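Notes follow once the structure below has been shown.
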Amino acid sequence: MQKLLNILKTIAKTIVNKPLLIVLVTILALVLMVMTRPRMAPVDLPERIWPVDVVEIYKSDYQPTLELFGQVISGRRSELRSRVPGPIVKVGQNFREGALVQEGELLVQIDPFEYSNDVNEQKALLTEAQVDLEITRRDLTRIRDLYDENNVSEQNLDDATLALEQRQATLEQRRIGLLRAERALTDARLIAPYEGVLNGVAAELGKQLSMNDQIAEIIDMSRLEVRFALSKAQLGRLLEANENIEGRSVEILWQVGDETLTYSAVVERIGAEIDSSTGGVGLYGVIESDAKTLLRPGAFVWARVLDKNYQNVFKVPESALYGADQVYVVVNGRLEMRNIEVKGFDGDDMLFVASGDPAIIDGDKVVTNQIREGGVGIKVEIR
C-alpha cells in the first residue's frame, strides 16, 4: 500500500497537466478501494426439513358403511269410507286425529234404523218363500202320484215341476236379499280394520254421509318402511361381490332436534324401475317398530347399509392421495413415491392396494398431509 502511495506521489511530481493528474488520481483511488474492500465469507445454508403427518399402515379387511338419504313411508295405510249412506249417530271414543285405535274398535255408527228394518223384512220374505216352497213340493208329490195312476196329464206334472223350480229360485233370491241386508246393517258400523293411528279425520256426530264418503284413513305404525336409493356404482359393487341386497340390515337414524333416534330395518324388496337420471335403484326396508312408535310416515332419515367387503387392502385418509394413484412414504427421513390402485372409500378414508415396484408393504409410514413445494427425496420430520 505504501509503495502505491509513493508511486502516486512520483507521478504527481512528473505530471504538470493538473486535469490529467486529477483523472489519474481518481482512477487509482477506485482501484485502491476495490482492492481493500471487505470480502463476505460463503455461508452453507442448512437443508430444509418439512413437517409431515403419517399413518403406519397394515393390510386388513374392511367393510365400509353407506350412509344414504331416505324417507319413511307407510307399508300399510287404508282409506276409511262409508259403505252405506245415512247420518252419523255415534262416534268412537278414539275417533280423533292422531289417535291410536285397536283392531275391531268402533269408529263411526251410521243410523241403523232403515238397515235393521230391511233385515227383518228380508227375514219375513225368506220365511214366506220357504213356506211356499214346502207347499209347492207337497203339490208336486201329490200330482206325481196322480200321474202314476193316470189321473192327471203330463202337462199337469210339468207345471207342478216348473212351479217347484220357481219357488226354489225365489227362496234363493230371498236368502241373497237377507245377506245383503245383514251386510248393510254391519256396514253401518265402521270399525278399525287393524291397530293403527287415525289421520285425516273428516266426520263428526250428526254428519250426513253418502255412499263412499271418506271419513278418515288409518296407518299401521307397526308396518313402517324406509325408502332409499343405491347409486349405479354402489349397486354395481354389491352385485360384483355377489352379495344379496334383499335381507340386508339397515340402520335408520332420525334426527329430532338435538336427539337422534335409532331404528333397525331389513331390506325387503327392490324397486320396480331404474332411475333414468342416476341409473340407481330404489330399495324398501321394513322398520322394526310397534304401534306406539314416535316415527311417522314422511320423516326424512339416514339409512346406513353395509357396503362391499374389501379384503387385504390398506386404509389411509383420502388426503394422502397425490394425483390419481400415488402416495408418499417416509424412508430414512426422506420421501419416496409409491404407486397405488384405489379400490374404494370408507367415509373420508381411502382403501387401496399396492401397484408397481417398489410396492407398499405392511408397516410403511404414509404421509397424510399435502406438501405443495415438496417432492421425492426431500427431508421430512414426522410430527
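The values are calculated or read from the model by the stated rules, or taken from the named source; none is laboratory data. The model shown is predicted, which means the values in this text are computed figures rather than measured ones. No Cβ is skipped: glycine too gets one built from the backbone with ideal geometry, and neighbour counts run over all protein chains shown. Accessible surface areas use protein heavy atoms only, side chains included; no ligands, DNA or RNA. Shrake-Rupley method; radii C 1.70, N 1.55, O 1.52, S 1.80 Å.
Legend: helices of the chain (whole DSSP H runs) are marked when their alpha-carbon atoms reach 24 angstrom or more along the helix axis and their mean Kyte-Doolittle hydropathy is at least -1.0; marked are 18-36, 113-148, 154-187. Here the range 263-383 is described by how far its Cα atoms reach on the three principal axes: 64, 32, 27 Å, from widest to narrowest. Note on the chain: with charges restricted to the Cβ of Lys and Arg (+1) and Asp and Glu (-1), its dipole about the Cα centre is near 4220 debye. Considering only C-alpha atoms, what is the centroid distance from the range 55-130 to the range 315-383, in Å? For the range 55-130 versus the range 315-383, the Cα centre distance is 60 Å. Highest-first packing order for the peptide set 201-208, 78-85, 130-137 is 78-85, 130-137, 201-208, based on the mean count of other beta carbon atoms within 10 Å.
Within the shell defined by Cβ-Cβ distances under 12 Å, the residues around P51 carry a net charge of +1, with Lys and Arg each +1 and Asp and Glu each -1.
Scaling the Cα radius of gyration of the range 101-228 by the globular reference 2.2 N^0.38 Å produces a ratio of 1.82.
Residue-wise HN-Hα couplings along the range 222-230, as the Karplus relation 6.51 cos²θ - 1.76 cosθ + 1.60 with θ = phi - 60° gives them from phi, are 8, 10, 7, 10, 10, 10, 9, 10, 9 Hz; Gly and Pro carry x.
Reducing the range 156-196 and the range 221-292 to their Cα centroids gives an inter-centroid distance of 49 Å. Only helical runs count toward this figure. For the chain, summing -39,500 (n - 2.57) over DSSP H runs of n ≥ 4 and dividing by all residues gives -10000 deg cm²/dmol at 222 nm.
Computed over the range 271-334, the alpha-carbon pair-distance distribution with 5 angstrom bins reads 3, 8, 12, 13, 13, 11, 12, 9, 7, 5, 4, 2, 1, each value a whole percent.
Here's the picture: charge each Lys and Arg Cβ at +1 and each Asp and Glu Cβ at -1 in the chain, and of G86, Q311, L321 the one pushed furthest to the positive end of that dipole is L321. Residue pairs exceeding 24 angstrom between C-alpha atoms, taken from K232/K365; K343/K379; K59/K308; K232/K343; K59/K232: K232/K365; K343/K379; K59/K232. Using only the C-alpha atoms, the convex hull of the range 208-298 corresponds to 179 Å³ per residue.
What is the percent carbon and sulfur in the accessible area of the chain, measuring with a 1.4 Å probe over the protein chains and ignoring ligands? Walk me through the numbers on the way to the answer.
Numbers: 12160 of 23830 Å².
Here carbon and sulfur together make up 51 percent of the probe-accessible area.
Within the range 307-379, the GluC sites (Glu not before Pro) that combine a DSSP coil assignment with at most 13 other C-beta atoms in a 10 angstrom radius are E373.
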